[in-house]
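The values are calculated or read from the model by the stated rules, or taken from the named source; none is laboratory data. Only a predicted model underlies this, so the values are computations on that prediction, with no experimental measurement involved. Cβ atoms come from the backbone with ideal geometry, glycine included; neighbour counts cover every protein chain shown. Accessible surface is based on the protein model in full, side chains and every heavy atom, while ligands, DNA and RNA are left aside. Shrake-Rupley method; radii C 1.70, N 1.55, O 1.52, S 1.80 Å.
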Amino acid sequence: MKFTFTDKKVNLPNSVHAYAEKKVGKLDRYFREDTAASVTFSVEKDRNKVEITIRSGGTILRVSESTSDMFASIDSAVTMLERQIRKNKTRLEKRLRQGAFERTLDEESSFVPVTEEVEYEIVRTKTFPIKPMTREEAILQMNLLSHNFYAFKDEAADGAFAVVYRRNDGGYGLIEDEI
């Protein structure tokens, strides 16, 4: 697993990076060799925040955790990642390393609770024409409908599929197809 560390608004000693590499590295047994882990450290409102993003093939796992201690944030984020992997075990088995879910001695003493996987159920289907429009028109339409996202064909990208969405910070985001 290849690691990338980013410190935002904080200067951390190398021991924190080494600790994060050791903890996240334990998840290496789930992934193939081409896996990259990006760990971002920041301090916001006297809280130590850790964001871990793992890219393995076409699968992306992301978790963000914030506590009063950076080491506790790392531990909690790794636990959440492991919980995500275990929760979606059967769906991920084809994408992860062969034999990733075979029990080991270390795993038997793990404190991560084993949860049952729930079946994905589509409870409603909508169909509507996706019209070409500008990004500003899409944001306006999203706001008029009081939705959190809106799918449209982006005129700026020659009619490519795109989605605008409302971010938690009050701004707007755009998801566009990689051409």
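Okay, here's what the table says:
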item: Single match in S64, S146 (criterion: open to solvent by less than 100 Å² (accessible area, probe 1.4 Å), within 30 Å of K45 (Cβ to Cβ) and at pLDDT 85 or above); result: S64
item: Residue list for segment 39-61, filter: of a type outside the set (A, V, I, L, M, F, W, C), open to solvent by 40 Å² or more (accessible area, probe 1.4 Å) and either touching a Ser or Thr at 6+ places or on another chain (Cβ under 7 Å) or not in a loop (DSSP other than H, G, I, E, B) (or both); result: E44, R47, K49, E51, R55
item: Single residue of segment 20-38 satisfying the filter (open to solvent by less than 10 Å² (accessible area, probe 1.4 Å) and within 9 Å of M1 (Cβ to Cβ)) that is modelled with the lowest pLDDT; result: F31
item: Every pair of residues 6+ apart whose Cβ atoms lie under 6 Å, when the first sits in segment 150-179 and is over 12 Å from A138 (Cα atoms) while the second is exposed (fewer than 10 other Cβ atoms within 10 Å of the Cβ); result: none
item: Single match in I52, I74 (criterion: over 28 Å from Y120 (Cβ atoms), at pLDDT 90 or above, touching a strand residue (DSSP E or B) at 6+ places or on another chain (Cβ under 8 Å) and not polar (S, T, N, Q)); result: I74
item: Of all residues in segment 149-179 being surrounded by 10 or more Cβ atoms within 10 Å (Cβ to Cβ) and part of a loop (DSSP other than H, G, I, E, B), the one that is modelled with the lowest pLDDT; result: D177
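Residues are listed down the side, and each one gets a yes or a no for (1) in contact (Cβ under 8 Å) with a residue 60 or more places away in the chain; (2) of a type in the set (S, T, Y); (3) touching a helix residue (DSSP H, G or I) at 6+ places or on another chain (Cβ under 8 Å):
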residue: E33; (1), (2), (3): no, no, no
residue: K45; (1), (2), (3): no, no, no
residue: K49; (1), (2), (3): no, no, yes
residue: G58; (1), (2), (3): no, no, no
residue: R62; (1), (2), (3): no, no, no
residue: T67; (1), (2), (3): no, yes, yes
residue: V78; (1), (2), (3): no, no, yes
residue: L81; (1), (2), (3): no, no, yes
residue: Q84; (1), (2), (3): no, no, no
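Residues checked against (1) more than 14 Å from V78 (Cα to Cα); (2) of a type in the set (S, T, Y):
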{"residue": "M1", "(1), (2)": "yes, no"}
{"residue": "T4", "(1), (2)": "yes, yes"}
{"residue": "S15", "(1), (2)": "yes, yes"}
{"residue": "K22", "(1), (2)": "no, no"}
{"residue": "K26", "(1), (2)": "no, no"}
{"residue": "F31", "(1), (2)": "yes, no"}
